[in-house]
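First comes the structure, then the notes that go with it.
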Amino acid sequence: MQINCLGRRLAVAAIAASFALPTAAFSQLLPPPGKPATPRAAAPSPRAASCHNGASFDRFLADVKSQAVAAGVSQRTIAEASPYLVYDQGIVNRDRGQRVFGQLFTEFAGRMAATYRMQNGQQHIKTYAAAFARAEKEYGVPPAVIAAFWGLESDFGANMGNLPTLKSLVSLAYDCRRSEMFVNETIAALKVIDRGDLHPAEMIGSWAGELGQTQFLPTHYVNYAVDYDGDGRRDLLGSGPDVIGSTANYIANGLKWRRGEPWLEEIRVPQNLPWEQTDLSVQQPRSKWAQLGVTYPDGRPLPNDNLAASVLLPMGRTGPAFMAYPNFAAYTEWNNSLIYSTTAGYLASRIAGAAPMRRPSQPVTQLPFNELKELQQLLVRAGYNVGKVDGVLGQQSRSAVKAMQIKYGLPADSWPTAELLARLRGATAQAQPQATVR
């Protein structure tokens, strides 16, 4: 959920939302998991990690084991897990070498929220009707919301990753990039074993350590997994009811889902909408949006009520438009990539019975990768924080684009255009000192 893993390459398009994805969120793009291999020791890091005061991996691992015992993990579990707690430089290399991809929302959603996945979600809701009904009663999370994450994360258990979880976690813990986080995740994984939910050999998942059919980090497994099939274990790899109840628990209590409220609906926006207000940070009552001319796609008026909502334009004012409600925050917390979270919310709405979104009347123009990267560099020179200058439109870049659009009097829909790039180039050229003529 929070660290991303991309298997086969997603086609690189010039622009989209950020994809520094955690989880095996797109694990259905990975090859099917193979049979778990017997763990074998991998070569330790050639150099002792600097963030551990020069300690070797073995010394570091001994300290992690001591921390786990102090946190209540039994010596029996430590011994059982030890053959799997080995260092793999390849895992660290994958983490450091993550490529960042960009893609148009309509392209990504067209594939990931395809009709077959919607139908599979609806079928799973029928197959596990009792578990879904129980989860909605206990946690207030609609079946379609759970099913959408289930489908996106693993295609309902078909692709959960194929790497030993303990090896991934402890390798990333020894690396200095996110050491503290993965030490905690390693200890949490040992707790999962200690309470009898999984055996170390069963713990196979993504390279970044997520587990199960909705790709829980071990800390989430410990805190939110529930036994819904009554067998005394919380099995998120093989039990559909456990997956449903645990995912509902996490969404409700971890992501603060608001019972009985919507999450994302497609809308139609007028051409004279105050574009600077189209941002997830701007919430207004639906009655206010209705006064501004926002309707449902078929022209029906929005409810004249005070339910807070934001207008979300993932591809600018000429692309699809959505009304995002407070519950949409659960999606951006699950995965902070705007393209993923919007797709997940859209897929849930489709599983719940919504019509397919309207396609833009004309193709949405997107800047090529190199021009978007240049735009980010110019925004940085202008004093804006765009995050990483990587040619991908993340949330910080979108905010900087909006601010500059407002400055230049352009429609402030957060979508970078050739006109904005030309303005920034011109401003930069004017700011350059002129050469002295002799």
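The values are calculated or read from the model by the stated rules, or taken from the named source; none is laboratory data. Keep in mind that what you see is a predicted model, and the values were worked out from it rather than measured. Cβ: placed from backbone, ideal geometry, glycine included. Neighbour counts: every protein chain shown. Only protein heavy atoms, including side chains, enter the accessible area calculation; ligands, DNA and RNA are left aside. Shrake-Rupley method; radii C 1.70, N 1.55, O 1.52, S 1.80 Å.
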Charge-dipole axis of the chain as Lys and Arg at +1 and Asp and Glu at -1 on Cβ define it, positive-most pick from 408, 339, 141: 408
Lysine-lysine proximity count for the chain, Cα under 28 Å, sequence distance 8 or more or distinct chains: 18
Cα-centred dipole magnitude for the stretch 289-438, charges only on beta-carbon of K, R (+1) and D, E (-1), debye, nearest 20: 400 debye
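What number, in percent, do you get for the relative contact order of the stretch 46-173 if the mean sequence gap of Cα pairs under 8 Å and at least 6 apart is divided by its residue count?
33 percent
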Cut-off 11 Å between beta-carbons: net charge of the residues surrounding residue 382, Lys and Arg +1, Asp and Glu -1: +3
Lys, Arg +1 and Asp, Glu -1 on Cβ, resulting dipole of the stretch 169-299 about Cα centre, debye, nearest 20: 440 debye
Mean separation of Cα contacts under 8 Å, 6 or more apart, over the residue count of the chain: relative contact order %: 19 percent
By accessible area with a 1.4 Å probe, ligands and nucleic acids excluded, highest first: order of 263, 150: 263, 150
Centre separation in Å (Cα based) which lies between the stretch 78-97 and the stretch 249-276: 39 Å
Cα centroid separation, the stretch 166-198 to the stretch 279-327 (Å): 42 Å
Relative packing of 57-70, 129-142, 358-371, 162-175, which averages over residues the other C-beta atoms within 10 Å, highest first: 162-175, 129-142, 57-70, 358-371
Gain upon complete extension [residue 365, residue 305; 0.36 nm per residue less C-alpha separation]: 18.1 nm
Given charges at beta-carbon only (K, R positive; D, E negative), |dipole| of the chain in Debye: 1060 debye
For the chain: rounded, prolate or oblate by the Cα gyration tensor [a/c cutoff 1.5]: oblate
Cα long-axis angle, helix 418-431 against the chain (0 to 90 degrees, to the nearest 10): 80 degrees
Which of 417, 244, 158, positive extreme of dipole for the chain (C-beta unit charges): 417
Length-normalised contact order of the stretch 173-324 in % [C-alpha pairs under 8 Å, at least 6 apart]: 15 percent
Between helix 338-351 and the chain: long-axis angle, C-alpha atoms, 0 to 90°, nearest 10: 80 degrees
